[in-house]
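The structure appears right after this line, and notes come after that.
The values are calculated or read from the model by the stated rules, or taken from the named source; none is laboratory data. All of these numbers come straight from a predicted model, not from anything done at the bench. Virtual Cβ from ideal backbone geometry, glycine too; neighbours counted across all protein chains shown. Accessible surface areas use protein heavy atoms only, side chains included; no ligands, DNA or RNA. Shrake-Rupley method; radii C 1.70, N 1.55, O 1.52, S 1.80 Å.
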Amino acid sequence: VARSREVCLDAYMNQDVPFERLVEVLDPPRVLGRQPLFQTMLVLNSGAEGSFAAPGLKTQPLSVSVPTAKFDLCFTFTEEDGAWRGELEYSAELFDRASAEGLAARLIGVLEQGVADPDQPLPKLSVLLPGEASRLTEDFAGPRRSLPEPATLPGLFEAQAARTPKAIALTDGERSLDYAGLEAAANRIAWRLIGLGAGPETVVALAFDRSIEMVTAVLGVLKAGAAYLPLDPDLPAERLDFLLSDARPQAVLTTRVLADRLTGLAEADATLIAIDDDAGLDAAPDHAPMDADRVAPLDPRHPAYLIYTSGSTGQPKAVCIEHRSITHYVDHVGCDVLGADAVSMPLFTAAGFDLTLTSLFVPLCHGGRIDIVAEPRPEAALAAVFALDPPSGTIKLTPSHVALLEGNGFSPAPIGVVMLGGEAVTLEHLAILRTYCPQARIINEYGPTETTIGVIAGEINDEITIGSPYANTGVYILDSGLDLCPPGVVGELYVSGAGLARGYHGRPGLTASRFVASPFGDGERLYRTGDRGAWRSDGQLVYHGRADNQVKLRGFRIEPAEIEAALLDQPEVAQAAVVVRGTDADARLVGYVVVAPGTDIDVTVLRTRLAGRLPGYMVPAALVALDRLPLTVNGKLDRTALPEPAVVVAAHVAPATPDEVTLCAIVAELVGAPRVGMEDNFFHLGGHSLLAVRLVARLRERLDRDVSVRMVFEHPVLQ
């Protein structure tokens, strides 16, 4: 049916099919009081109006006004004595008078430009009103303010440590470290690294679990002048090997327990330092190194850190953030966004996640306290955060974290500020937060990794926006020709200003394709985010999703092309496609593969191989083998025609007791499987952390069992 509609529409555009036939094939659903085919009409009445005359009759035209709009918008132009008169009829349910008048004014402006220069191409005709361009580029930009001094992270931290040496900087519930102690420990690491030749424009990798040692190592690398690269020790060995070989770090800091996981260290030619077992650290000075001590003076334009993100080319890419960008963010958020609520923040997410950087640097550079939560599972870590005493002043969450609050036994907490980032926020998320954080200001922050954590934010209450630009930040909504979109018109979101990254480490071509010259500034760069948005008339931005195939899943940025490349590396896979199925908490990745000739595919084995290569959040919840991938009439992949996945289950072992029957029924309902057996693995069925929370809640309700989310992760097989 979809193909016949597409063929018919194509034929109609070439005037081979009458309009009535087009309507018949499209068969749009009828809705009472609304035209199902189109909502905007343009009517041209040219030539003299018809007249009616009859013997003995006097006639004159009678204008009839109908109070109901037949369409959303109807533009009518009538020719009178060689001139044209225009009318606009609009639906008052969708437009107010001012908006309708604005549309009419824009149309008049376009017509005037066309009359003045009939030879210019249509795309060159501007739909902006007089003075609107400067309003969009200047009035809607962030305020101008001076950058912080000193403009390096070591400088900001050292100044704060000198002001509050005895204040607690870090605590993990059992141990605490004040600013003076943290300063001394970080200095010893810095001197050790300087002795190895680490400094500005070099990289030092860090492989730690969340701990006081991890924070100390981050500061030590920055004090040496090097950029730090966070490594998640739980990543597959192949992924760690790639990161080390691609970044080529000068050294790797870790602990004795985690050192054995870094199998690619020899190829990377880096020095391994276990900071809990290194004699050189004990002998190092505890005072701060100066520029004269470093291998080169530290400049604000030197890199502070690298963070790898999923890559559309099939390989992850490292975003390089300079000191001047991260210090600008830390200063602005600490002073202008959070204020007094920056005094304490929990550190409970991975070091390689943008969200973590706010919790790491904002408190330390503003005299606050970091509460370190080492629990690796998101729901358990969040539970520990909500149980903190005293509570955190600010907590930064993804909307997926918010979804975990319901049905998991959380009690409301007196948190001052909740910052949201990483994913789109909904009104449902706000309702949950109002229950569990009733006193909090809720701030929605937007910013890709390439723009240094966040560049747009605003407090949200009953409406969802992503706010307005931070200081020294320009935001532009542009069409495909890089022209400004008027307020209310959706376009692609571009960012300029102090937060822009240097680019992608070692990838000049990729950097040039995403960081483009600005048509509005004097030598400025724009970062093309790939996100879609629109300005409101009050200068607030509204998010409208992605312009490409990139997805955000539970806070992680994922390029399906990278997963597809990993699938295509398997000898039995000839073609591959990856999409997201479901929405919000139920969203999951699904992979589709076409079998190479002469081979067979075991999707369970294939998924296991992917788990050894990709981070867990990038492994598809289900894999589907197809004879061929569906294509559009133009020969491109038709993602909308990919079938819903059939849930992969193990050999069926029927439940034997009433409780087992109930358990299988609950799991089948959650994952959408026709039946589930006792040997099935909850996560292989498509379960994930959010569904695990729902599973626990239903087991407690229907079986009255004291089950925890931890138990689901530790024992995923139903047996």
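I need every pair where a residue in segment 186-204 that is more than 11 Å from Pro289 (Cβ to Cβ) has its Cβ under 8 Å from the Cβ of a residue that is at pLDDT 95 or above and of a type in the set (Ser, Thr, Tyr), sequence separation at least 6 or different chains.
Going by the 8 Å Cβ cut-off, the qualifying pairs are Val203/Tyr228; Val204/Tyr228.
Got a sec? Which of Leu427, Leu420, Leu404, Leu484 is closer than 20 Å to Ser518 by Cα and either out of contact with any Lys or Arg (no Cβ under 6 Å at 6 or more places or on another chain) or at pLDDT 95 or above (or both)? Please lay out each step first, then the result.
On the way: Leu427 fails: closer than 20 Å to Ser518 by Cα; Leu420 fails: closer than 20 Å to Ser518 by Cα; Leu404 fails: closer than 20 Å to Ser518 by Cα.
Testing whether each residue is closer than 20 Å to Ser518 by Cα and either out of contact with any Lys or Arg (no Cβ under 6 Å at 6 or more places or on another chain) or at pLDDT 95 or above (or both) leaves just Leu484.
Which ones in segment 454-464 are open to solvent by less than 10 Å² (accessible area, probe 1.4 Å) and either touching a Leu at 6+ places or on another chain (Cβ under 7 Å) or hydroxyl-bearing (Ser, Thr, Tyr) (or both)?
Within segment 454-464, the first condition is being open to solvent by less than 10 Å² (accessible area, probe 1.4 Å), and the residues that meet it are 454-456, 460.
If the condition is that a residue be open to solvent by less than 10 Å² (accessible area, probe 1.4 Å) and either touching a Leu at 6+ places or on another chain (Cβ under 7 Å) or hydroxyl-bearing (Ser, Thr, Tyr) (or both), then Ile456, Ile460 are the ones that fit.
Give the number of residues within segment 662-719 that are of a type outside the set (Lys, Arg), open to solvent by 30 Å² or more (accessible area, probe 1.4 Å) and closer than 16 Å to Gly582 by Cβ.
The qualifying residues number 3.
Which one of these is small (Gly, Ala, Ser), out of contact with any Leu (no Cβ under 8 Å at 6 or more places or on another chain), assigned to a helix (DSSP H, G or I) and within 26 Å of Ala381 (Cα to Cα): Ala665, Ala692? Even if it seems obvious, please write down each step before you answer.
Values: Ala665 fails: within 26 Å of Ala381 (Cα to Cα).
After applying the criteria, what remains is Ala692.
Do you know which residues across segment 108-125 are touching a residue at least 24 places away in the same chain (Cβ under 8 Å) and surrounded by 15 or more Cβ atoms within 10 Å (Cβ to Cβ)? Spell out how you get there, then give the answer.
Taking segment 108-125 as the starting set, the residues that turn out to be touching a residue at least 24 places away in the same chain (Cβ under 8 Å) are 123.
Residues satisfying the conditions do not exist here.
Checking the condition open to solvent by less than 60 Å² (accessible area, probe 1.4 Å) and either in contact with a Ser or Thr (Cβ under 6 Å, 6 or more places away or on another chain) or within 21 Å of Pro316 (Cα to Cα) (or both), which residue from Thr529, Thr473 passes? So that I can check it myself, show each step before the final result.
Working: Thr473 fails: either in contact with a Ser or Thr (Cβ under 6 Å, 6 or more places away or on another chain) or within 21 Å of Pro316 (Cα to Cα) (or both).
Exactly one residue qualifies, and that residue is Thr529.
Please verify whether Ser480 is over 15 Å from Tyr543 (Cα atoms), free of Cβ contacts under 8 Å to residues at least 24 places away in the same chain and in contact with a strand residue (DSSP E or B) (Cβ under 9 Å, 6 or more places away or on another chain), treating the condition exactly as stated. Spell out the reasoning first.
Details: over 15 Å from Tyr543 (Cα atoms): yes; free of Cβ contacts under 8 Å to residues at least 24 places away in the same chain: yes; in contact with a strand residue (DSSP E or B) (Cβ under 9 Å, 6 or more places away or on another chain): yes.
It is true that Ser480 is over 15 Å from Tyr543 (Cα atoms), free of Cβ contacts under 8 Å to residues at least 24 places away in the same chain and in contact with a strand residue (DSSP E or B) (Cβ under 9 Å, 6 or more places away or on another chain).
Among the residues of segment 372-399, write down those that are open to solvent by less than 30 Å² (accessible area, probe 1.4 Å) and either among the small types (Gly, Ala, Ser) or more than 25 Å from the chain's Cα centre (by Cα) (or both).
Ala381, Ser392, Gly393
Within segment 150-164, which residues are in a loop (DSSP other than H, G, I, E, B), of a type outside the set (Val, Ile, Thr) and open to solvent by 40 Å² or more (accessible area, probe 1.4 Å)?
Looking only at segment 150-164, we keep the residues that are in a loop (DSSP other than H, G, I, E, B), and these are 150-152, 164.
Narrowing further to those that are of a type outside the set (Val, Ile, Thr): 150-151.
Across segment 150-164, the qualifying residue is only Pro150.
Could you list, in sequence order, the residues of segment 476-493 that are of a type outside the set (D, E, K, R) and either open to solvent by 10 Å² or more (accessible area, probe 1.4 Å) or more than 27 Å from Asp354 (Cα to Cα) (or both)? It would help to see each step written out before you state the result.
Quick first cut of segment 476-493, residues of a type outside the set (D, E, K, R) only: 476-478, 480-482, 484-491, 493.
Result: Tyr476, Ser480, Gly481, Leu482, Leu484, Cys485, Pro486, Pro487, Gly488, Val489, Val490.
Give the residue that is farthest from the chain's Cα centre (by Cα), with candidates limited to residues of segment 677-719 that are under 19 Å from Pro620 (Cβ atoms) and aliphatic (A, V, I, L, M).
Ranking the candidates gives Leu685 first.
When residues of segment 80-96 are filtered for being part of a strand (DSSP E or B) and either loosely packed, with under 11 Cβ neighbours inside 10 Å or polar (S, T, N, Q) (or both), how many remain? Break it down stepwise before answering.
To start, the set of residues in segment 80-96 that are part of a strand (DSSP E or B) comprises 80, 83-90.
With either loosely packed, with under 11 Cβ neighbours inside 10 Å or polar (S, T, N, Q) (or both) added as a condition, the list becomes 80, 83.
So the answer is 2.
Evaluate the following for Arg248: is it open to solvent by 30 Å² or more (accessible area, probe 1.4 Å) and at pLDDT below 95?
On the way: open to solvent by 30 Å² or more (accessible area, probe 1.4 Å): yes; at pLDDT below 95: yes.
So Arg248 passes the test.
For segment 375-477, give me every one of the helices (runs of 4 or more DSSP H) that falls completely inside it and has 2 or more residues that are of a type in the set (Gly, Ala, Ser).
Details: elements: 378-386, 399-404, 427-436.
Correct list: 378-386, 399-404.
For (1) in contact with a Phe, Trp or Tyr (Cβ under 7 Å, 6 or more places away or on another chain); (2) at negative phi; (3) in a helix (DSSP H, G or I), each residue gets a yes or a no:
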{"position": "Pro148", "(1), (2), (3)": "no, yes, no"}
{"position": "Glu183", "(1), (2), (3)": "no, yes, yes"}
{"position": "Ala186", "(1), (2), (3)": "no, yes, yes"}
{"position": "Met214", "(1), (2), (3)": "yes, yes, yes"}
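Got at least one residue in segment 357-369 being open to solvent by less than 10 Å² (accessible area, probe 1.4 Å) and either over 21 Å from Pro148 (Cα atoms) or touching a His at 6+ places or on another chain (Cβ under 8 Å) (or both)?
No, every residue in segment 357-369 fails to be open to solvent by less than 10 Å² (accessible area, probe 1.4 Å) and either over 21 Å from Pro148 (Cα atoms) or touching a His at 6+ places or on another chain (Cβ under 8 Å) (or both).
Output the number of the condition that Leu235 fails; it satisfies all remaining conditions of (1) part of a loop (DSSP other than H, G, I, E, B); (2) open to solvent by less than 10 Å² (accessible area, probe 1.4 Å).
So the condition that Leu235 fails would be (2).
Given (1) more than 23 Å from Val319 (Cβ to Cβ); (2) open to solvent by 20 Å² or more (accessible area, probe 1.4 Å); (3) touching a helix residue (DSSP H, G or I) at 6+ places or on another chain (Cβ under 9 Å); (4) not in a strand (DSSP E or B), where does Glu174 come up short, assuming only one miss?
Only one criterion in (1) more than 23 Å from Val319 (Cβ to Cβ); (2) open to solvent by 20 Å² or more (accessible area, probe 1.4 Å); (3) touching a helix residue (DSSP H, G or I) at 6+ places or on another chain (Cβ under 9 Å); (4) not in a strand (DSSP E or B) is unmet by Glu174, namely (3).
So how many residues does segment 400-426 have that are under 16 Å from Arg377 (Cα atoms), open to solvent by less than 10 Å² (accessible area, probe 1.4 Å) and either free of Cβ contacts under 8 Å to residues at least 60 places away in the same chain or touching a strand residue (DSSP E or B) at 6+ places or on another chain (Cβ under 8 Å) (or both)?
Result for segment 400-426: 2.
Select from segment 48-79 the residues that are in a loop (DSSP other than H, G, I, E, B), open to solvent by less than 100 Å² (accessible area, probe 1.4 Å), under 24 Å from Leu94 (Cβ atoms) and of a type outside the set (A, V, I, L, M, F, W, C) and list them in ascending order.
Of all residues in segment 48-79, those in a loop (DSSP other than H, G, I, E, B) come to 48-72.
Within this subset, residues satisfying the condition of being open to solvent by less than 100 Å² (accessible area, probe 1.4 Å) are 50, 53-54, 56, 59, 66, 68-69, 71-72.
So of that shortlist, the ones also under 24 Å from Leu94 (Cβ atoms) come out as 66, 68-69, 71-72.
Selection gives Thr68, Asp72.
Residue by residue through segment 103-141, note down the ones that are in a helix (DSSP H, G or I), more than 35 Å from the chain's Cα centre (by Cα) and within 21 Å of Leu42 (Cα to Cα). Reasoning before the result, please.
In the first step, residues of segment 103-141 are kept if they are in a helix (DSSP H, G or I); the result is 103-116, 122-124, 132-139.
Those left that are additionally more than 35 Å from the chain's Cα centre (by Cα): 104-105, 107-116.
Listed by number, the residues that qualify are Ala104, Ala105, Leu107, Ile108, Gly109, Val110, Leu111, Glu112, Gln113, Gly114, Val115.
Between Phe353, Phe348, which is of a type in the set (Phe, Trp, Tyr) and crowded, with 20+ Cβ neighbours inside 10 Å?
On the way: Phe353 fails: crowded, with 20+ Cβ neighbours inside 10 Å.
None of the others qualify; the one that does is Phe348.
Considering only residues that are small (Gly, Ala, Ser), part of a helix (DSSP H, G or I) and either open to solvent by 10 Å² or more (accessible area, probe 1.4 Å) or touching a residue at least 60 places away in the same chain (Cβ under 8 Å) (or both), which ones fall in segment 216-232?
Applying the first criterion (small (Gly, Ala, Ser)) to segment 216-232 yields 217, 220, 224-227.
If we keep only those that are part of a helix (DSSP H, G or I) as well, we get 217, 220, 224.
Of everything in segment 216-232, just one residue is small (Gly, Ala, Ser), part of a helix (DSSP H, G or I) and either open to solvent by 10 Å² or more (accessible area, probe 1.4 Å) or touching a residue at least 60 places away in the same chain (Cβ under 8 Å) (or both), namely Ala224.
For segment 532-626, please list each of the strands (runs of 3 or more DSSP E) lying entirely inside it that holds at least 2 residues being of a type in the set (Gly, Ala, Ser), buried (at least 20 other Cβ atoms within 10 Å of the Cβ) and in contact with a strand residue (DSSP E or B) (Cβ under 7 Å, 6 or more places away or on another chain). Break it down into steps so the answer makes sense when it comes.
On the way: elements: 541-546, 551-553, 556-558, 573-581, 588-595, 622-626.
Ranges flagged: 573-581.
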